[in-house]
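Following: one structure in structure tokens, then a few remarks.
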Amino acid sequence: MDYVPLAVPFFLLAIALEFIFGWVKNKNTYRLNDTVSSLFMGSLSTASKLVLIGVGGAVFYSIETYYALWRMNDSLAITWIFAFVAYDLCYYCFHRIGHERQIFWASHVAHHQSEEYNLSTALRQTSSSFLLNWIFYVPLFLIGVPAKVFVTVASVNLIYQFWVHSQHIPKLGWYELFFVSPSNHRVHHATNDLYIDKNYGGVFIIWDRMFGTFQEEQEDEPCVYGIRGPIRSFNPLWANTHIYLGIIKDFLRAEKLKDKFHVLIARTGWQPKDVAKKYPREKYDYATYIKFDPVVSKLISLYGFIQLIVLAIVGPLIIEYGSSNYILGVIYVGMLVFTMVSTSRWLEGRPAIYMEASRLLVFTVIGVMGLQYSSSSEAAIFLLIYIFINILALPLLGKVSNSHNNELQHG
């Protein structure tokens with residue numbers, strides 16, 4: 001059983017409580033724009049599963065049915081314990097190569113882009129990991145781990161990883177000898193030279209201790225969060241694709257055939273010499289790096305927050321309706337992406353009035369068509385009400401945005 005959907009309400013409650021705790025203690029670790037971006041990414045990752053083909057699931061089914069050496073008894077406790085530990089070892093391998101090799105980093109980087117570190121960061125998930133990560137779990141099915149057991153332990157592993165994304169929990173003594181903790185996972189998310197590419201375990205930190213990738217958090221070396229090639233954007237599409245696009249550019253620009261293919265499997269950040277000479281990348285210095293935190297009006301921040309709340313409310317409904325109809329699923333995900341991209345543009349302090357007007361126009365057409373052709377008109381009516389409210393806010397948003405941009409230009 002997949003327990004993650006059941007845990008989502010508790011995740012959101014924990015995020016709210018962590019924010020309140022940090023605010024009361026005068027140690028707030030949240031920024032509205034960064035948090036909205038992270039939660040948008042998590043919602044997109046969940047919703048995208050409606051339209052993406054489950055390659056891994058098909059492979060797992062085939063192996064379990066035709067190629068497994070034997071089938072473990074899922075009524076025995078030892079099966080579950082073994083599967084839980086073995087899954088985390090496979091996760092360690094996937095997670096490590098996901099940082100150390102370019103094509104795998106492309107499918108994982110989205111989780112690390114947040115320049116803050118809090119529980120909302122845990123929900124910032126990639127939408128393209130389905131392409132490659134399944135490869136690392138094939139051995140579990142070959143040795144007979146039942147699919148039911150695999151799904152359950154995978155969900156428990158993921159749920160465990162949520163709580164370690166916090167700056168408020170100190171070191172935990174002996175516990176950290178065996179298990180991943182907030183302290184050693186803070187190291188994993190840091191860009192400091194001392195911390196980079198360390199602490200890959202999901203539940204157990206013993207793999208890092210065994211294979212030489214463990215690093216303890218140091219009091220005199222505060223963690224600096226984010227990635228070394230910062231995207232300086234809240235756009236979820238760019239967040240999910242920018243590494244892939246960089247790989248494609250290096251592939252096309254490289255003169256040697258060997259370099260072209262090495263771009264895919266090279267160490268993360270590698271470039272062919274001829275490409276690096278013509279198109280050098282900006283050097284990253286974590287000690288002097290300034291976070292991407294555009295100044296926008298309070299109204300625009302409120303608007304972005306409202307879009308997030310609406311998405312949180314309708315997200316489960318989208319998954320429910322979209323899962324029963326593939327075409328509807330594609331439409332719903334497209335609407336989500338359009339909303340996220342437009343909202344992120346507002347939060348970046350960039351002109352967004354034309355994009356927002358286009359979004360509302362497209363949504364209106366979809367809503368009207370829904371009233372005419374859908375067997376259930378409730379969703380269409382809700383959509384049209386939502387559009388009407390957004391249209392009322394649009395002129396004020398445009399006015400505030402233009403006024404704010406003029407102040408920045410002359411200030």
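The values are calculated or read from the model by the stated rules, or taken from the named source; none is laboratory data. Just so it is clear, the model here is predicted, and its values are computed rather than measured. We place every Cβ from the backbone using ideal geometry, glycine too, and count neighbours over all the protein chains shown.
Brief remarks on what is shown
- The lone exception for Val365 - which of (1) loosely packed, with under 14 Cβ neighbours inside 10 Å; (2) modelled with pLDDT under 85 it fails: (2)
- Total residues in the range 257-293 satisfying the condition of being within 25 Å of Ser114 (Cα to Cα) and in a loop (DSSP other than H, G, I, E, B): the figure is 19.
- Answer residue from the range 83-126, given it is aromatic (Phe, Trp, Tyr) and in contact (Cβ under 8 Å) with a residue 60 or more places away in the chain and is surrounded by the fewest Cβ atoms within 10 Å (Cβ to Cβ) among those: Phe84
- Test: residue in the range 262-278 that is crowded, with 17+ Cβ neighbours inside 10 Å and either within 20 Å of the chain's Cα centre (by Cα) or on the phi > 0 side of the Ramachandran plot (or both): yes
- From the list Ser114, Ser120, Ser127, the lone residue that is touching a Leu at 6+ places or on another chain (Cβ under 9 Å), of a type in the set (S, T, N, Q) and not in a helix (DSSP H, G or I) is Ser127.
- Any hit, the range 30-50, residues being in the same structural domain as Phe179 (by TED's automatic domain parsing), farther than 20 Å from Leu132 by Cα and touching a Lys or Arg at 6+ places or on another chain (Cβ under 6 Å): yes
- In the range 57-71, the residues that are over 20 Å from Asp2 (Cα atoms) reach residues that are in a loop (DSSP other than H, G, I, E, B) and modelled with pLDDT of 75 or more with C-beta atoms within less than 7 angstrom, at least six apart or across chains, in these pairs: Ala68/Gly144; Leu69/Ile143; Leu69/Gly144; Trp70/Gly144; Arg71/Gly144; Arg71/Pro146.
- In the range 160-176, the residues that are in a helix (DSSP H, G or I) and touching a helix residue (DSSP H, G or I) at 6+ places or on another chain (Cβ under 8 Å): Gln161, Phe162, Glu176
For every residue, the table says whether it meets (1) among the hydrophobic types (A, V, I, L, M, F, W, C); (2) in contact with a Pro (Cβ under 6 Å, 6 or more places away or on another chain); (3) in the same structural domain as Gly22 (by TED's automatic domain parsing).
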residue: Ser181; (1), (2), (3): no, no, yes
residue: Asp193; (1), (2), (3): no, no, yes
residue: Phe204; (1), (2), (3): yes, no, yes
residue: Gln218; (1), (2), (3): no, no, no
residue: Ile231; (1), (2), (3): yes, no, no
residue: Leu237; (1), (2), (3): yes, no, no
residue: Gly246; (1), (2), (3): no, no, no
residue: Phe251; (1), (2), (3): yes, no, no
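- Number of residues in the range 177-193 that are within 23 Å of Trp80 (Cα to Cα) and either surrounded by fewer than 19 Cβ atoms within 10 Å (Cβ to Cβ) or touching a His at 6+ places or on another chain (Cβ under 8 Å) (or both): the value is 3.
- Exactly one residue out of Ile20, Ile63 is part of a helix (DSSP H, G or I), under 24 Å from Ile309 (Cβ atoms) and in the same structural domain as Ile135 (by TED's automatic domain parsing): that is Ile20.
- Filter result (more than 17 Å from the chain's Cα centre (by Cα) and in a loop (DSSP other than H, G, I, E, B)) within the range 130-159: Ile143, Gly144, Val145, Pro146
- For first residues located in the range 217-235 and without any contact (Cβ under 8 Å) to a residue 60 or more places away in the chain, partners that are β-branched (Val, Ile, Thr) and not in a loop (DSSP other than H, G, I, E, B) and lie 6+ apart or on another chain with Cβ distances below 7 Å form the pairs Glu217/Val187.
Yes/no matrix, rows are residues, columns are (1) closer than 29 Å to Gly42 by Cα; (2) in contact with a strand residue (DSSP E or B) (Cβ under 8 Å, 6 or more places away or on another chain):
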residue	(1), (2)
Pro236	yes, no
Asn240	yes, no
Ala266	yes, yes
Gln271	no, no
Tyr279	no, no
Val295	yes, no
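- Subset of the range 350-359 that is at pLDDT 90 or above and crowded, with 18+ Cβ neighbours inside 10 Å - its residue that is farthest from Ser301 (Cα to Cα): Arg359
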